[in-house]
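Data block below; observations after.
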Amino acid sequence: MTELPPDGPQQAPLDQKPEAYAPSVAERLAFYQRAGGVITPLFTVLLAFLAGGLVVLATGHNPLRTYKAVWEGTGLQWFFQFGHHHIGIPGTSHRVFFWWDTNANGLAAYNLVQTLILTSTLILTGLAVAFAFRCGLFNIGGQGQYISGAIVSVWVGSSWAGMAHGLHVVLALVLAMAAGAFIAAIAGFLKATVGAHEVITTIMLNWVVYWLGSFLFGRGGPLQNPSQGRSVPISNDIVPSAKLPTFWGNSELQALHVGLFIALGALVVFWLLLNRTTLGYQVRAVGFNPEASRYGGINVARNYVYAMAISGAFAGLGGAIDILGWQYRLGVLDIQVSNIGFIGIAVALLGRNTAVGVGFAALLFGALFEGTSTRGLDPSVFPPQLAGNLALIIQALVLLFVGADVLILYMWSLRRRIFPRQEPPPSPQPEVAA
């Protein structure tokens, strides 16, 4: 039987088990890193809504009543009301989990449909910004990439009327993604070759697409609808074979289409690309440190192009599902007033460039813009002319407070500078007998 040494069992060497030196510190650090991905966005949203409530109070209205009206305008309360409906079968009174009534009388369900339609597009424009962020690139061109996808999809969708339904839809989606990828890849190529900053190039490309679309659908443009007259700057309607199938609601009232599942699938693709592929590993490595990645044998320039192209494909897909799912046409005014690509920046920042985060952030902004719409917000609670501004104010406040984690870390480091930790006196060393 082996006897233990007098000073007890020996600990594992530090190089084999680093956390043995300070296990509580290592565990707490890991917890804070995981929790920061949830706590910081929630804290950001809370601050934004509190500051927005102060703005509402300054206008002479009740913030609680206003936010309650916004909540009711989102349709999200439908999830808490389904238990009050019954199956429409004579002689039965069983409760159901889903109630597919989206007529104007079922206002909660109808509002929810509109919220989810907008959320689907915001997921894709948010992913367009988030994927580039993971490679260390700031993609401001989501709006141009979104519009380019819409332009191509409306052109494909209004052509080849005799094509099979499924093939026509897939062709329009794929070509719209290719258009968005091409526009974004230009910025990635310029970044990789001549070092042009992607913020500048993507902003310039936004204007290129803006004026290109205005020309194509403007008066006398090659894609203007001739049956509307030369004075109406709008495209042809897409043919029925190019429309996305709907599964909830009345198609005459913008029913919910399968673009929602396409957007949710894009979240899965985003996660798989980043975490389960070699390309994703290289993209994340370049985002952490491009110089170290280049030293490790990663082609940084090629990953810049790939990352931007994939980002543009997400945004182009967002433009396609809007055209094929509910809009069915595109006009000059639609191009000029659209800003959904820019909202994707806020979605990505609030979602911390993660798949789950982008999904929830898109739902938040989709619900916010739908809840403050002049159609959904009760004018007796908050003036309709101020409702849209309230959504923009909260969006701006989210962007302002999204750096709260940086501020908190700075304040924490400042505290340690002001109140430095006192080092304990060294313990006396035992004397060694000669």
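The values are calculated or read from the model by the stated rules, or taken from the named source; none is laboratory data. Keep in mind that this is a model prediction, so the values were computed, not measured. So basically every Cβ, Gly included, is an ideal-geometry build from the backbone, and we count neighbours across all protein chains shown. All accessible areas refer to the heavy atoms of the entire protein, side chains included, with ligands and DNA or RNA removed. Shrake-Rupley method; radii C 1.70, N 1.55, O 1.52, S 1.80 Å.
Results, tabulated for the structure shown:
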| read-out | value |
| --- | --- |
| Area accessible to solvent at W71, 1.4 Å probe radius, in Å² | 110 Å² |
| F80, F288, F382, F247, ranked by accessible area, largest first (probe 1.4 Å) | F288, F80, F247, F382 |
| With DNA, RNA and ligands ignored, accessible area of M163 (1.4 Å probe; Å², nearest 10) | 50 Å² |
| For N139, residues with placed amide H under 5 Å, excluding near neighbours | F133 |
| Gap separating the Cα centres of the range 342-389 and the range 34-75, nearest whole Å | 11 Å |
| Charge dipole of the range 177-279 about the Cα centre (unit charges at C-beta), most positive-ward option of A184, L274, P226 | A184 |
| Extension gain from N250 to V199, taking 0.36 nm per residue of separation minus the Cα-Cα distance | 14.3 nm |
| Contour minus Cα-Cα distance for L64 and L47 (0.36 nm per residue) | 4.6 nm |
| For the range 249-403: relative contact order, % (alpha-carbon pairs under 8 angstrom, 6 or more apart) | 17 percent |
| In sequence order, calculated HN-Hα J values of the range 337-342 (Karplus, 6.51, -1.76, 1.60; Hz; x Gly/Pro) | 9, 5, 9, 5, x, 6 |
| Cβ-Cβ FRET estimate between Q385 and I39, R0 fixed at 35 Å, reported to 0.05 | 0.45 |
| Nearest-0.05 FRET efficiency for R302 and M163, computed from C-beta distance (R0 45 Å) | 0.80 |
| Ordering of 255-262, 154-161, 110-117 by packing [mean C-beta count within 10 Å, highest first] | 110-117, 154-161, 255-262 |
| In Hz, Karplus ³J(HN,Hα) per residue of the range 155-169 (6.51, -1.76, 1.60; θ = phi - 60°; x = Gly, Pro) | 5, 5, x, 9, 10, 6, 4, x, 6, 4, 4, x, 5, 5, 5 |
| Additional length obtainable on full extension of the chain from F138 to A292, 0.36 nm per residue less Cα span | 53.5 nm |
| In order through the range 290-296: 3J(HN,Hα) via Karplus (6.51 cos²θ - 1.76 cosθ + 1.60), integer Hz, x for Gly, Pro | x, 5, 5, 5, 5, 5, x |
| Paramagnetic label zone (point 7 Å from Cα along Cα-to-C-beta, L279; backbone N under 14 Å) in the range 129-145 | 131-132, 135 |
| Interchain or long-range residues, amide H under 5 Å from S235's placed H | N225, L330, G331 |
| Other-chain or far-sequence residues with amide H under 5 Å of W248's (modelled H) | L256 |
| Accessible area of I186 in the full protein assembly, 1.4 Å probe (Å², nearest 10) | 60 Å² |
| Protein-only accessible surface order, largest first, of K191, K68 at 1.4 Å | K68, K191 |
| Computed magnitude of the charge dipole of the range 249-381 (debye, nearest 20; Cβ of K, R +1, Cβ of D, E -1) | 540 debye |
